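Written below as structure tokens is the structure these notes are about.
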Amino acid sequence: METALWGVLSVALAVAFALGGFAVARRLVSFDLREAQGEAGGVEGIHRVAEGFPEAERREVQDLAGSYARIVVEEGWPMMREEGRISGRAGTKADELRRSVVAFEPRTGREDALYSRALALVGSLDEYREQRSLEVREGIPSIHWVVLIP
């Protein structure tokens, strides 16, 4: 009787671990996807808003946004996945992009509105980058371990 009880408890525990692991993996994947979409949306938004900047500033901001996106896709995400590190080059490019947007001096009301929007998008991009960096440094958040190991 005691052996059967331990067998039932073992199966129940295994199922609980499996379900908990599945829930954690699902939350981590969906969180990573949201982060990636948010970061990509920020870069795309900056690129789009820069359309309204004067030619020289537009070209600079759009070139930096494109370079940042390429570095993140080609180097940053693979480094995160394979080595558990964040790309320094992507961080440097993000800093250059931020400085370029901040340096823009609006001359009209329309440019001022675009500038405000670009600043908000750069701030959002910084937040997504920081969150991604924190995830890489910290690993799986404690709350996920609580679900994984009841």
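Which residue, of G76, G91, G123, is touching a Ser or Thr at 6+ places or on another chain (Cβ under 7 Å) and part of a helix (DSSP H, G or I)?
Values: G91 fails: touching a Ser or Thr at 6+ places or on another chain (Cβ under 7 Å); G123 fails: touching a Ser or Thr at 6+ places or on another chain (Cβ under 7 Å).
The match here is G76.
Report whether or not V61 is among the aliphatic types (A, V, I, L, M), in contact with a helix residue (DSSP H, G or I) (Cβ under 9 Å, 6 or more places away or on another chain), buried (at least 18 other Cβ atoms within 10 Å of the Cβ) and in contact (Cβ under 8 Å) with a residue 40 or more places away in the chain. The answer is yes for V61. Here A25 does not fit the description of being in a helix (DSSP H, G or I), over 22 Å from the mean Cα position of the chain (by Cα) and either of a type outside the set (D, E) or modelled with pLDDT under 95 (or both).
Taking the condition under 17 Å from V136 (Cα atoms), small (G, A, S), out of contact with any helix residue (DSSP H, G or I) (no Cβ under 6 Å at 6 or more places or on another chain) and surrounded by fewer than 18 Cβ atoms within 10 Å (Cβ to Cβ), does G91 pass?
For G91, the condition - under 17 Å from V136 (Cα atoms), small (G, A, S), out of contact with any helix residue (DSSP H, G or I) (no Cβ under 6 Å at 6 or more places or on another chain) and surrounded by fewer than 18 Cβ atoms within 10 Å (Cβ to Cβ) - is met.
The values are calculated or read from the model by the stated rules, or taken from the named source; none is laboratory data. Source: prediction; values computed, not measured. When we count neighbours, we look across all protein chains shown, and the Cβ atoms used for this are built from the backbone with ideal geometry, even at glycine.
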